[in-house]
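Heads up: the structure comes next, in structure tokens.
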Amino acid sequence: MTKILQISDTHIVPEGELAYEKVDTAAALADTVATINRLLPQIGPVDLVIVTGDLTEHGTPEEYRHFQDIVSNLDVPCRAVPGNHDRREAMRESFSNANWMPATGPIGWIAEFADCITVGLDSLVEGKAHGALDGDTRHFLQNALARSGGKPVLIGLHHPPYAAGIAAMDAQNLIDPTPLLSAITDYPGEIRLVCGHLHRSITGIFGGRICQVCPGTSHAVTLDHRAAAENSLTMEPGGMLLHEIREGAFLTHWIPVGRFQGPYPFAGFEP
Ligand SMILES: [Fe+2]
Ligand SMILES: [Fe+2]
């Protein structure tokens, strides 16, 4: 029963700095790592942690070193795809010891398990906020699905392919999602799309498949459905998603980052 933990949008800045002069993203990522390690006896074994983009704020080597310093404390293997705040070559260099990191081109990868496949897709358009899948990534996805044999497939990419009702963010989602749509349409098994970028837990449908957006680890994009709303952040609690194969299909748990009171036994309170 494969278990994949998804974290997203860690937005790491140089050590000692705050993102947007407000958010201690490094402390939040350290808290996330501690939360995962502490929960492992309850929820594990977890096969893989995936980071769905915006690992860093500016994509500099210094920020990736800071990211790796924190994530090196994780007791689970970790893979990542880039988001719009990342820079492909600096990210590649920071994962140069990882056997899943391609030497050139888009940062895509496949992780095969007995009961499912996980595919990471690179939707970064360098210097732009929106995302897109280039020709190489489209072929990569088509080939991955062709060899998946109908197993459930978890596809992780940064940019959501649908509008979520937050106007400033909807303008920078995955442009031209048609190739993604056509790639997944005829797949005979389950496909679960998992994204980041919106820093919120959002569940929608794309091409008849569930498409889940993961909350950020440190801060949320403000939920404001007014068309003229300013793009802004709100200090809502960080979170992550646990995607697990249960009875042959994906089931997803939202898990808040942090330590909370309990558990308290229900014993003695049941009717
Ligand atoms: Fe982000
Ligand atoms: Fe993003």
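Each residue of the stretch 230-241 was assigned a 3J(HN,Hα) from its phi angle through the Karplus curve 6.51 cos²θ - 1.76 cosθ + 1.60 (θ = phi - 60°); the sequence is 5, 6, 8, 10, 10, 7, 6, x, x, x, 8, 10 Hz, with glycine and proline shown as x. The GNM of the chain, with springs linking C-alpha atoms under 10 angstrom apart, assigns the highest mean-square fluctuation among T32, T104, T203 to T104. Largest GNM mean-square fluctuation across D24, D122, D69, computed for the chain with C-alpha springs under 10 Å, falls on D69. Positive end of the dipole of the stretch 121-271 (Cβ unit charges, origin at the Cα centre): among T185, P256, F266, the Cα lying farthest that way belongs to F266. Annotation: lysines with alpha-carbon distance below 30 angstrom to K3 (same-chain offsets under eight excluded): K151.
Computed about the Cα centre, the dipole magnitude for the chain is approximately 600 debye when only Lys and Arg (+1) and Asp and Glu (-1) carry charge, each at its Cβ. With the simple model of a label 7 Å out from the Cα in the direction of the Cβ, H253 to A27 spans 2.7 nm.
DSSP beta bridges in the chain, what fraction antiparallel, as a percent rounded to 5?
On the way: 25 of 46 bridges.
Once the DSSP bridges in the chain are tallied, antiparallel ones form about 55 percent.
Taking a ≥ b ≥ c as the square roots of the eigenvalues of the Cα gyration tensor, the chain is classed as rounded, since a/c falls below 1.5. Pairs of Cα atoms nearer than 8 Å and 6+ residues apart set the relative contact order; for the stretch 80-170 it is 30 percent. With the highest mean first, a sort of the peptides 210-218, 85-93 on other beta-carbon atoms found within 10 angstrom per residue produces 210-218, 85-93. Residues whose amide H falls under 5 Å from that of I117, counting only those 5 or more places apart or on a different chain, are V153, L154, with hydrogens built in the peptide plane. Sorting M235, M1 from the fewest to the most surrounding beta carbons within 10 angstrom yields M235, M1.
Only Cα pairs under 8 Å and 6+ residues apart enter the sum, and on that basis the relative contact order of the chain stands at 19 percent. Please label the shape of the stretch 135-271 as rounded, prolate or oblate, based on the square roots a ≥ b ≥ c of the eigenvalues of the alpha-carbon gyration tensor (a/c under 1.5 means rounded; beyond that, a/b larger than b/c means prolate, else oblate). Here the stretch 135-271 falls in the oblate category.
The value of relative contact order for the stretch 1-159, using C-alpha pairs under 8 Å at least six residues apart, is 21 percent. Sequence-ordered 3J(HN,Hα) estimates for the stretch 73-90 from the Karplus curve with 6.51, -1.76 and 1.60 and θ = phi - 60° stand at 7, 6, 8, 9, x, 9, 10, 8, 10, x, x, 5, 7, 8, 10, 4, 6, 5 Hz, glycine and proline given as x. Positive end of the charge dipole of the stretch 3-256 (Lys, Arg +1 and Asp, Glu -1 on Cβ, about the Cα centre): tell me which of Y162, G196, A227 has its Cα farthest that way. Checking the options against the dipole of the stretch 3-256, the answer is Y162.
Could you line up W100, W109 from fewest to most neighbouring Cβ atoms inside 10 Å?
On the way: W100 16, W109 22.
Lowest count first: W100, W109.
Mean Kyte-Doolittle hydropathy of 0.0 or higher plus an axial Cα length of 24 Å or more: which whole DSSP H helices in the chain meet both? The qualifying helices are 25-43. For the chain, modelled as a GNM whose springs connect Cα atoms under 10 angstrom apart, the maximal fluctuation among A144, A167, A229 occurs at A229. Ellipticity at 222 nm from helices only: DSSP H runs of n ≥ 4 in the chain, each -39500 (n - 2.57), divided by the residue count, give -6500 deg cm²/dmol.
Straight Cα distances below 28 angstrom link K22 to the lysines K128, with same-chain residues fewer than 8 positions distant left out.
How much length is gained if the chain between D69 and Q172 is pulled fully straight, taking 0.36 nm per residue apart and subtracting their Cα-Cα distance, in nm to one decimal?
Numbers: separation 103, 0.36 × 103 = 37.08 nm, distance 3.01 nm.
That pair, D69 and Q172, stretches by 34.1 nm at full extension.
Judged by the gyration tensor of its Cα atoms, with axes a ≥ b ≥ c, the stretch 60-114 is oblate; a/c meets the 1.5 cut and b/c is at least as large as a/b.
Net charge near L198, counting Lys/Arg +1 and Asp/Glu -1 over other residues with Cβ under 14 Å of its Cβ? Please list the in-between numbers first.
Details: positive: R200; negative: D9, D54, D170, D224, E236.
Surrounding charge for L198 is -4.
Taking the stretch 20-70, which trypsin sites (Lys or Arg not before Pro) meet the DSSP loop condition and have no more than 11 other C-beta atoms within 10 Å? Provide the component values of the computation, followed by the final result.
Numbers: sites: K22, R38, R65; in loops: K22.
Of the trypsin sites (Lys or Arg not before Pro), the ones in loops of the stretch 20-70 whose Cβ has at most 11 other Cβ atoms within 10 Å are K22.
The numbers here are math on the coordinates, done by the rules we state, and not lab data. What you see is a predicted model, and the numbers here were worked out from it, not measured in a lab. Cβ coordinates were reconstructed from backbone atoms using ideal geometry, including for glycine residues, and neighbour counts include every protein chain displayed.
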